[in-house]
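Here's the structure, in structure tokens; my notes come after.
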Amino acid sequence: MLDPSTPSKKRKRGDNTGPCKLDSKTADDNNAQSRILQLESQILESRRYYNNIATLLLISRGDDPQNGEKVAAAVSLCRVFCRLLANGGMLVTTGAADAEAMVVRWLNERYDDYSKVLLTMLKEPNISQGTALTLLMRLVKDEGNRPKAGQERLFPRKLYSRILRVVLEAQCTSEAREELVRKYINRYDDIRIHTMAIIYELATEGHPLEVLQAFISNTLSVLSSTQVTPPSKDDIDKFYATPTENRSQLSSITAYKKQAQQAWLALFKLGLSKEQRKIILGLISSKIAPCFVKPELLMDFLTDSLNFGGSMSLLALSGLFYLIQEKNLDYPMFYQKLYIMLDASIMHSRHRSRFFRLLDTFLASTHLPAALVASFIKKLSRLSLQAPPAGIVVVVPWIYNLLKRHPTCTFMIHREIHEKDRSEQLRGEVMNDPFDFDEEDPVKTDAISSSLWEIQMLQAHYHPNVATLARIISEQFTKHSYNTEDFLDHSYATMLDMELSKDIKKPPVVESEIPEKIFTGYCKEAVQDDPLIVKMWDFT
Amino acid sequence: MPPSQLKRLKATLRAEGITGAQPSKKIRKKAGNGTGNDRRVQRTTALQNIREQFNPFEVTALGRGREKFQVTTNKTLSGRGLKGRPGVTKSLGEENRKNTLLLEMQRRKKVGGIIDRRFGENDPTMTPEERMLERFTKEKQKRYRNGAVFDLEDGEEEDQLTHFGQTLSFDNGKAIDDFEEGDLELLDEDDRSSDGGLNKRKRGQSPGLENGNDGDDGNELPERKKSKAEVMKEVIAKSKFHKFERQQARDADEELREDLDKELPNLLGLLRGGNLPPPSIPDLMSAKVDGSGMNPARAAMMISTDKAQADKQYDMRLREMALDRRSKPTERTKTEEEKAEEEARRLQELEEERLRRMRGEVSDGEEELDATEGNGIGGDDEEADVENFGLGPGISGWKQQKGLDIEDEDEFVIDDDLVANDSDGSVETESEMSVLSEDDEDREFLEGLALDHEANGGGSRSAISSAKRTGSEDGPNPTLAYTFPCPQTHKELLETVKGVAFKDLPTVVRRIRTLYHPKLHNGNKEKLEQFSTALVEHLAYLADQPDHPPFLILESLIRHVHSLAKTYPENISRAFRSHLKSIHENRPLAPTAADLVILTAIGSIFPTSDHFHKVVTPAILSMARYLGQSPPTSLSDLAVGAYLGTMCLQVCFGCFPDVSCARLMLTDYLQYQRLSKRYVPEVMNYVLNALCILAPARLRVVPGNFPYHEPASPLRLQNAVAGHVHCLRFWDILPQELPDGEKSRLKAALIETHVTLIDSAAELWAGKSAFYEVFEPAFKVLQFLAGKECRKWLPSGTKEKIGMTSEKLQRLLKQARLSRRPLALHYHRPLAIRTSIPKFEDSYNPDKHYDPDRERAEVGRLRAEYKRERKGALRELRKDANFIARELLREKKEKDQEYEKKYKRLVAEIQGEEGHERKEYEREKRLRRGKR
């Protein structure tokens, strides 16, 4: 009846604990080890020695966290219980004697005690944490696979949910969590689906405030590191503790998805912090949305994030785009929202290129009203006045493409005043930019009657390449379009790198005359044309 | 039913007037004054026509489909090619073959043979008389050609038979040359030998005869009419005489020349101004002895026994000659005006050059080249660049090779360049530039040297002089060494200047530059190149020293670097670039004092107005990077920012102001928009941010779109500062602990500096089209600073400054709005729409291929031609084969016929003989019978 893999695993585990124990090697320790082994072998020999279990429990409950004994006792107890589970020693057989039932009940109580001991070990941040997790998962496995006798065999949900709770509520136990994800959740399909279900339960039941934050962040990290659901039904073939007869229930992708969806939604409902939201938003299109049965359910979350403003909205945009594209989501006032997102920070944002990629997609249609497109063009060109060169480099070709796509907007770069009286009227009169920068509705900004003075100014940008690029707006529009992708990922660093990596081919030009004043100058009298530096700084 | 062929023929002949009644004489006379010949010709043509008309096989219409109608081509009307004359062509071909192929056939398998090259042998058109005449003339010509025209001895004479030189002609008794030789002999006896040809024959004659002749000529035959031969001889003799005279004259000339040559060394000596020692005695002697036309000095050299020494002397002389300076007309000393004008012209040229660079039109040919090859697809073609050109910013490239991106962004630049200008011009001016700078350098250097000798330098404007002044002001340390090794690395430089006071540093540098001037020694150029690199490093090193060296020293060092940069621009630029690289890699957001000094030096050494410059562009990019990316957190940060902002503005002004001012004075008549005035968004962002965080009170709404960073520890000016605030000191850029009072003072100074920056930025970018958008927020910030919340904290000077600046801004803003007009950037000639309608051909021919692809059309044409030729050749070959077969058959037939004839003849002969014999026999028999 014994699982054939058990002995080898056991030996391994013994080996594992060996060094641990030897670390704090004393004569006492050696004695203790041998005593534990003795107790264990006695238990296995005869039921008479079942009381040894209590003794071992006592040892494993010991206070000293560094004590090797504790671990050793836990390990041997695990072996004992595994064997008991395997040979049905812990099953209440109908028609058994009272004494027998007593023993079984007693054993079950001890088993409970034992699992509690392990769970507390799991909580404590020390070396034995990993061992505790391994032992617990071992118990999960054996419990799931114990021989059938009367009652139905099931995945040991109760035990597993206790483990998960401990792991998820722990304050700082990332190792155990990572191990759990790596070795079990990602590897076994049944563990995964149960994890999702349990997370949902845990998330809905409510937590005390001090645990909540830890729970949220742990859950997030578990969920985000969990692999995406299996692609097809046939891929669901790895089971850890689910008995063979129950497996068919699990082999449905929808079930997986449903559980995952529930888990995520439950997580969304807990109060997420800003950073956590950002992480989730980053994952949405790649990880979260694909495992949703109804991705529409994400909409609320996305809308909330979009309304949040700042970089949050930028991140939400890609998720929203996924929904619009894949699920045909109709988002009311979308362009207005998009327009509002164009604020001062966008050109300096880290997510600039990401945003522009999406923006390019959103405005790719030729059926958009010209007024709206003009507003986008004008606003971005206004913003690029304060932008770093990398930002300008993105905006200019993009504007070119839009102008090419919407010829009506070319009035923004070329507007002749035909009526004579109008031009007469204009002479000597103040002209304000018709564009309303603060208007939030892109259709109402009147950008189309404005001009792109900003881009013209950028033609005198200090960076020669940027200046030349800005000049494309006033050249003839012969090119069909620029590939905006080429201009997206730039920064000061890459530009400098590029400048400095080019070697000098021919001697650079040197100013032909040596200026009289560099820092201080020799003629002490101040002259009108002194360099700024000389005028404004005191070099002493 | 039409009449029969014969009847028709008769009718036609009659109609033509060939048969039937001949026209009467009268009519004939009336009809034409033409002669009989004319009529005959008419008759033959008429007959020919009739013949053609009645022979339907003589002419064929060409094959079907060849017929052309006017709708397709005009060729139909010309009638060419409408009719074929198979008979004629066939016979022509046959004739041709007979002349060529048949001959070849007959000559087949035959070797050698005689080719008759005589005239007219194969020409049946010639009459025998003509033939003979032709032969005769040919022969004559041949002889004439062979005979030397210029032979002194006449070919004719030589052909004559002689005996002992005496002609054997019989037409006159004594055929002796009647030419008086004696005259010649009198002229020059010696020349006889040289005139051998003439005398050889003479010598053959006996002297007696000669003498006899002399006597004869005059007396005996005075009046006799000369025969033709005699006349000819006379003419010949005269020509000979003239020739001889010419020779004489030439010889005389030669002699004279030789005489002159002998005197040349003396003349040379005179010319060289007595450099040469007077010709040595052996020289003279040898000259006498030799007597030949040889240069005496050279002769002496050849004579002199010491060969090696002679060689040496020769070499020396040669070198002397090589180094000999050609005398040149001295240049007139120029007047003041001329000088000024020249200077103005030079400056104007420089300025034009600068402007061109500013517009980014300098096409560094190499750079273009390298860009195009660097990126295979290059920016050469419209199609090719679709992906790459704009891609300029080589994103993809960057992604592929992480970090170090080969952006082709400047390919973009180049692309435009390609369109816009010619590289030749720039190259040319480039060289001019370098020449100019070289001159400058020299002058300056010499000036420096001169000053070195003087005790006190005058107030010259040149760099070295001013540098000198630094020294002279403090008086150069008399203990300072005069010679130094030329340091090749910075380490060596440190070694060299160890123990030298700061103030003596410029002197040391100057002395090193003097000692190792490239003109003094071969290797000095390389040494100074290395030294200039080390000097740049030292500049940075000095600025980072804890005991801040005086800026006077730094400045004069920068001047030294500048003047070195004129000669070694590459090394200096490399040094600066490597410093920039280290900033970029190690401390992009935390520049040290050294970095600031280096950046300042770059701003003053290199022309900052250039559209693209290998040093300035990265420098300004690094400055902007600091301004854009590092939010200020402390006062020293703000000071650094202010300094860099100042630098940026100065650099973006286009050129170092006082240089430009010097130029303006001379070139102000040129209405150039001279300064580049580039826009640096980062400066405005930084300045506004700085003012917002320094302001005594917090702005409720931050105006404009600049990124606003509230520092962790507030930097607001919270204490009232009284009195005047002096301007920022350079060393404020270092973080330092200050007492509170000083701190607020510094803050106030920072505010003032930043306000000044806004002021100068507004001035700088006043004409720009988006001026209003850029400066409106600045105006708001200034107004806020002037508002009552902040007023009380600010010192009065600052308040005043703020007031002035905001007034100025208000004015400029109003102006900007006044001058604002809708953009009209696209006054381009409208582009032609690319059309796909085929070009209309006036005379379209469906057989012709109007292939727009030239190459393909060419290939098609060739192929068609080949096909046609092949067909023709095949046809010809086939015809040849037919012809050969026919000829062979004919030959065989002839042979057979001949054979048959012969056979028959033989048979007949035999039969005859037999018949004869039989008759004989019968007769014999009869006789015998009769006997019996």
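Numbers at a glance
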item	result
Which listed pairs, of A:LYS238/A:LYS287; B:LYS312/B:LYS527; A:LYS183/A:LYS287; A:LYS378/A:LYS444; B:LYS747/B:LYS788, have C-alpha distances above 24 Å, in listed order	B:LYS312/B:LYS527
Cross-link pairs B:LYS240/B:LYS262; B:LYS90/B:LYS892; B:LYS339/B:LYS614 - those with Cα-Cα distance over 28 Å	B:LYS240/B:LYS262; B:LYS339/B:LYS614
Sorted peptide list for B:7-20, B:535-548, B:868-881, criterion being average Cβ within 10 angstrom, highest first	B:535-548, B:7-20, B:868-881
For region B:895-910, Karplus couplings with θ = phi - 60° (6.51, -1.76, 1.60), whole Hz, Gly/Pro x	4, 4, 4, 4, 4, 4, 4, 4, 4, 4, 4, 4, 4, 4, 4, 4
Label-to-label distance, nm, for residues given as B:MET804 and B:ARG587 (7 Å Cα→Cβ offset)	3.5 nm
Cut-off under 5 Å, modelled amide H: who pairs with A:HIS461 long-range	A:ALA467, B:TYR679
Inter-label distance, nm, simple model (7 Å from Cα along the C-beta direction), B:THR483/B:GLU865	8.0 nm
Residue mean of other protein chain beta carbons inside 10 Å, B:598-604	3
Cβ-Cβ FRET estimate between A:SER224 and A:TYR331, R0 fixed at 25 Å, reported to 0.05	0.50
Theoretical gain in end-to-end length, A:MET431 to A:SER449 [0.36 nm per residue, Cα-Cα removed]	5.3 nm
Proxy reagent accessibility, fewest Cβ within 10 Å first, across A:VAL466, B:VAL111	B:VAL111, A:VAL466
Rg/Rh for region B:817-866, where both radii come from Cα atoms and Rh is the Kirkwood radius	1.46
Interchain or long-range residues, amide H under 5 Å from A:SER252's placed H	none
For peptides A:106-114, B:888-896, sequence by mean Cβ density within 10 Å, most packed first	A:106-114, B:888-896
Residues with amide H under 5 Å from that of A:ASP538, placed H, sequence gap 5 or more	B:LEU728, B:ARG729, B:PHE730
Whole-Hz ³J(HN,Hα) from phi, Karplus 6.51 cos²θ - 1.76 cosθ + 1.60, for region B:566-579, glycine and proline x	5, 8, 10, x, 5, 5, 5, 4, 4, 4, 5, 5, 5, 5
Note, ³J(HN,Hα) from phi for region B:102-110, Karplus 6.51, -1.76, 1.60, rounded to Hz, x at Gly and Pro	5, 4, 4, 4, 5, 7, 5, 6, 10
For region B:673-814, alpha-carbon Rg over 2.2 N^0.38 Å	1.04
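Read-outs throughout are calculated quantities, based only on the coordinates presented, and are distinct from any laboratory measurement. Note that the coordinates shown come from a computational prediction; the quantities given were computed from them, not determined experimentally. Every residue, glycine as well, gets a Cβ built from its backbone with ideal geometry; the counts of neighbours run over all protein chains shown.
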